[in-house]
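Data block below; observations after.
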Amino acid sequence: MNRVILLTGTPCVGKTTTAKVLAEKLDAVCINLTEYTKTQGLILEEDKERQTIVVDEQAMRKSLGESISVAKTDMIIDGHYAAAVTPSEVVSQIFVLRRNPIELKEQMQNCGFSEAKIGENLSAEILDSCLIEALQHQHQDKVCELDVSGQTTETIVEDMLKVLNHTKKCHSGFVDWLGMLEGLGLTDKYLRL
């Protein structure tokens, strides 16, 4: 059976860029869930206040399952909700990309995110939202957390390939942005609840 590899994480951690490079290295098909949602007509509505779309997750799960079942090659699926919509029985590995909130905020500002969107995404990163979702929806032994702060895409992909080739151990639960920010006295500046 072909491998199904998920890349998840908050916006601006580098999922899509990394997924494309990893897919190229593995000669795999790459599915970006944002594009897939649009091309497959899986949008329920647009949430203008939060500047996002609302996805029909049940239809997404079914559609992805069908796409995976006919795939002739490995698949890389990237999206912040990839773990929630990909059937767990077909998933080979999940990489949760994590980025230091200080670096992440700068990245989101450079991408033109609104202050509200930056605050929402920083909170999600600091509170481990994508990691928690991956652990809730997928098998824990398949979840691999990677701190990508300050790293090049090539280095990140090399680490992923080592995990996929079983030459590097996979770990999760070691990133503690909240503790780091508390230690620096920056919690109030980056975490808004």
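The values are calculated or read from the model by the stated rules, or taken from the named source; none is laboratory data. These numbers were taken from a predicted model, which means no experiment stands behind them. Neighbour counts run over all protein chains shown; Cβ positions are idealised from the backbone, glycine included. The area values use the complete protein model at the heavy-atom level, side chains included, leaving out ligands, DNA and RNA. Shrake-Rupley method; radii C 1.70, N 1.55, O 1.52, S 1.80 Å.
Some points to look at:
- Calculated accessible area for the chain comes out at 52 Å² per residue, all protein chains present (probe 1.4 Å; ligands, DNA, RNA ignored).
- For Arg3, distant residues with modelled amide H under 5 Å away: Asp74, Met75
- Sites listed here are chymotrypsin sites (Phe, Trp or Tyr not before Pro) in the range 93-193 whose DSSP assignment is loop and whose Cβ has at most 15 other Cβ atoms within 10 Å: Phe174.
- Positive end of the dipole of the range 1-122 (Cβ unit charges, origin at the Cα centre): among Ala23, Ala82, Val70, the Cα lying farthest that way belongs to Ala23.
- DSSP finds beta bridges in the range 20-123, and of those with both partners inside it, around 50 percent are antiparallel.
- Mean residue ellipticity (222 nm) of the chain, computed from DSSP H runs ≥ 4 via -39,500 (n - 2.57), nearest 500: -13500 deg cm²/dmol
- Normalised by the number of residues in the range 90-151, the mean separation of alpha-carbon contacts (under 8 Å, six or more apart) gives a relative contact order of 61 percent.
- Percent carbon-and-sulfur accessible area, the range 112-179, ignoring ligands, DNA and RNA, probe 1.4 Å: 51
- For the range 50-155: relative contact order, % (alpha-carbon pairs under 8 angstrom, 6 or more apart): 37
- Summarising the amide proton neighbourhood of Ile31: residues at separation of 5 or more, or on other chains, whose placed amide H is nearer than 5 Å comprise Ile76, Ile77, Asp78.
- Antiparallel bridge percentage (DSSP; both residues within the chain; nearest 5): 20
- Alpha-carbon spread of the chain, three principal axes, descending order, Å: 50, 43, 28
- Alpha-carbon centroids, the range 75-140 and the range 152-193: separation in whole Å: 11
- In loop segments of the range 96-181 as defined by DSSP, the trypsin sites (Lys or Arg not before Pro) with at most 14 further C-beta atoms inside 10 Å of their C-beta are Lys168, Lys169.
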